[in-house]
Amino acid sequence: MSEIAESARVVGESGAAQQNARPKSLDWIERLIAFNTVSRESNLGLIETVRDHLKSSGIDSTLTYDAGRNKANLFATLPAANGATQGGVVLSGHTDVVPVDGQDWESDPFSPVIRDGKLYGRGSCDMKGYIGVVLTALPDLLQTRLDKPVHFAFSYDEEIGCVGAPSMIEELQARGVRPDGCIVGEPTSMRPIVAHKSISSYRCCVKGHAVHSSLTPRGVNAIEYAARLICQIRDIADALKREGPFDEAFDVPFSTSSVGTIHGGIAVNTVPALCEFVFEYRTLPAVDSSKIIEQIEAYARDVLEPEMRKIVPHAAIEFTRRSSSPALEASEQDAITQLVRGLTANRETHKVAYGTEAGLFQRAGIPSVICGPGDIEQAHKPNEFVSLEQIVLCETFIQKLIRSMAVA
């Protein structure tokens, strides 16, 4: 990928003078926002629209579906001027968005609206703004004699644990597609992000034994044993915060764990037979994430279950992994890192606690960096927005990328 490394330069003017202009990509971004692609819904309307748009320009797409064929990833390649399809850069984004249930929006979250220089709508920031910019650049890509191919990778179900992208990446590997690098366009305020934490989430089911609450010694209180396990998870989190390891380049410089939801019991006068809760942990790239779940499972197996089974032998604690996505740790020597740093003129080191699909691409041997429009602080909130200035900065970035990849 030395050719890309050599082209890692800032091409043309900074784009600052353009920041008050109307973004060229607004039409595409607004069109994408209008698709309700909350993770529990299908994304096929959006994916098929993009597929058909690419097809109209002579570009074939490969779709990889979920088990129910209700959702799909899309991968498409714009060949280099010499017809080459190997190498090059992947422009990656997820098409799903988080729910809007219970949120107080000032406008319809799926009817984009501009107010005070900001584009409001679910997914405007995370991350249909980036995808819209990429699609808007298609004519310029087609008119440029590319030295290397450019690939589009649009996934489903990123928001529920990077569930969709693995099948797309596996399909690429099966076909022998080997891109040189990947730019994941999550909202970073157009700063290069070179690392993020791993994320693992689990469901824990505590199975006790129900009795009338007047006979509590004869029952196994599932909620109480779940509470003890939750306290153990919190103790692990406190130890990580206190003892590290630490990486001060991260916004949260240590690994974390937390419990997100819990359900159990049927009545106050019944010892609960069942309690379920969901927890996650996020680890620094240098931390072996498997060690954390091993600690939690060992406490359940060696301490809690023996106590429970002294009362009833069928009592149990079961764990089910919901999702797992690897950390990202980009090398400064990677050509894609140098390319993005050159195009943004940003040499600062930024690392984040949230997860992305960049770790999946890196694990597959595709060096990756995160860089996209908008602020992560706006993601997932009511009245989610991306500023028009950020969209223009992203447009400028993609135009510089195209010029840097043109045949000399």
*Of the cross-linked pairs 197/241; 71/197; 55/148; 241/381, which ones have a Cα-Cα span greater than 23 Å in the structure shown?*
71/197; 241/381
*For the chain, what's the relative contact order in percent, using C-alpha pairs closer than 8 Å and at least 6 residues apart?*
27
*Ignoring ligands and nucleic acids, what accessible area does residue 114 show with a 1.4 Å probe (Å², nearest 10)?*
70
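Starting from the Cα coordinates of the range 77-222, work out the convex hull volume and express it per residue in Å³. Don't skip to the end; give the middle numbers.
On the way: hull volume 28.5 nm³, N = 146.
Per-residue hull volume (Cα only) is 195 Å³.
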*For the range 280-296, what does the Karplus curve 6.51 cos²θ - 1.76 cosθ + 1.60, with θ = phi - 60°, yield as ³J(HN,Hα) per residue in whole Hz, taken in order and with x for Gly and Pro?*
9, 9, 10, 10, 4, x, 7, 8, 7, 5, 5, 5, 6, 5, 5, 5, 5
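Over all alpha-carbon pairs in the chain, figure out the percentage whose distance exceeds 29 Å. It would help to have the intermediate numbers written out before the result.
Details: 40733 of 83028 pairs.
Cα-Cα pairs in the chain separated by more than 29 Å: 49 percent.
Please state the charge dipole magnitude for the range 12-119, taken about the Cα centre, from unit charges on C-beta atoms (+1 on K and R, -1 on D and E), reported in debye and rounded to the nearest 20. Intermediate results must be reported in sequence, preceding the final value.
Details: 10 positive and 14 negative charges, 67 e Å.
Approximately 320 debye in magnitude.
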_Near-label residues of the range 349-367 by backbone N, under 15 Å of a point 7 Å along Cα→Cβ of residue 174_ = none
*Rounded to a whole number, what % of the accessible area of the range 138-190 do carbon and sulfur atoms account for, probe 1.4 Å?*
46
*Where the accessible area of the range 213-361 is counted over protein heavy atoms with a 1.4 Å probe, how much of it, in %, is carbon and sulfur?*
51
*Put a dot 7 Å past each Cα toward the Cβ at residue 363 and residue 57; how far apart are the dots in nm?*
3.1
*Can you list the residues, at least 5 places off or on another chain, whose amide H is less than 5 Å from the amide H of residue 113, using H built in the peptide plane?*
120
*With a point put 7 Å past each Cα toward its Cβ, work out how far residue 82 is from residue 114 in nm, to one decimal.*
4.3
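At a Förster distance of 22 Å, what's the computed FRET efficiency of residue 243 paired with residue 278, Cβ-Cβ distance as r, to 0.05? Write down the numbers at each step before the final one.
On the way: r = 26 Å, r/R0 = 1.16.
After rounding, the FRET efficiency stands at 0.30.
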*So for the pair residue 203, residue 234, with labels modelled 7 Å out along Cα→Cβ, what separation do we get in nm?*
2.4
*What angle, in degrees between 0 and 90 and rounded to the nearest 10, separates the Cα long axis of helix 165-175 from the longest principal axis of the Cα atoms of the chain?*
60
_Mean-position separation - Cα centroids, the range 133-207 and the range 40-87, in angstrom_ = 13
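Compute the accessible area per residue over the range 67-222, keeping the other protein chains in place, probe 1.4 Å, unit Å².
On the way: 5440 Å² over 156 residues.
For the range 67-222, the per-residue accessible area is 35 Å².
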*Mean residue ellipticity at 222 nm from the helices of the chain, using -39,500 (n - 2.57) per DSSP H segment of n ≥ 4 over the full residue count, to the nearest 500 deg cm²/dmol?*
-8500 deg cm²/dmol
*residue 127 accessible area, assembled protein chains, probe 1.4 Å, Å²*: 0
*Within the range 132-209, report the trypsin sites (Lys or Arg not before Pro) that DSSP leaves as loop and that have at most 14 other Cβ atoms within 10 Å.*
145
*Helix axis angle, 335-344 relative to the chain longest principal axis, alpha carbon, degrees*: 70
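For the range 32-109, which trypsin sites (Lys or Arg not before Pro) are both in a DSSP coil and crowded by at most 12 other Cβ atoms within 10 Å? Show your work: numbers first, answer last.
On the way: sites: 40, 51, 55, 69, 71; in loops: 40, 69, 71.
Answer by residue number: 40, 69.
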_Compute the angle between helix 222-243 and the longest alpha-carbon principal axis of the chain, please, reported from 0 to 90 degrees and rounded to the nearest 10._
50
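Where in the range 310-408 are there GluC sites (Glu not before Pro) that are in a DSSP coil and have at most 12 other Cβ atoms within 10 angstrom of their Cβ?
Details: sites: 318, 329, 332, 348, 357, 377, 384, 389, 395; in loops: 332, 348, 357, 384.
Sparse-neighbourhood loop GluC sites (Glu not before Pro): 332, 348.
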*Quick one: Karplus J couplings for the range 149-156, per residue in order, coefficients 6.51, -1.76, 1.60, θ = phi - 60°, nearest Hz, x for Gly and Pro?*
x, 10, 10, 9, 9, 10, 10, 10
*Length released on extending from residue 261 to residue 69, taking residue separation times 0.36 nm less the Cα-Cα span*: 66.2 nm
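Ignoring ligands, DNA and RNA, please state the percent of accessible area on the range 71-132 from carbon and sulfur, probe 1.4 Å. Spell out each step's value before the answer.
Numbers: 930 of 1980 Å².
Here it works out to 47 percent.
The values are calculated or read from the model by the stated rules, or taken from the named source; none is laboratory data. Note that this is a predicted model, so its numbers are computed, not measured. Neighbour counts are summed over all protein chains in view; Cβ atoms, including those assigned to glycine, are modelled from backbone coordinates with ideal geometry. Surface accessibility is based on the protein's heavy atoms, side chains included, excluding ligands, DNA and RNA. Shrake-Rupley method; radii C 1.70, N 1.55, O 1.52, S 1.80 Å.
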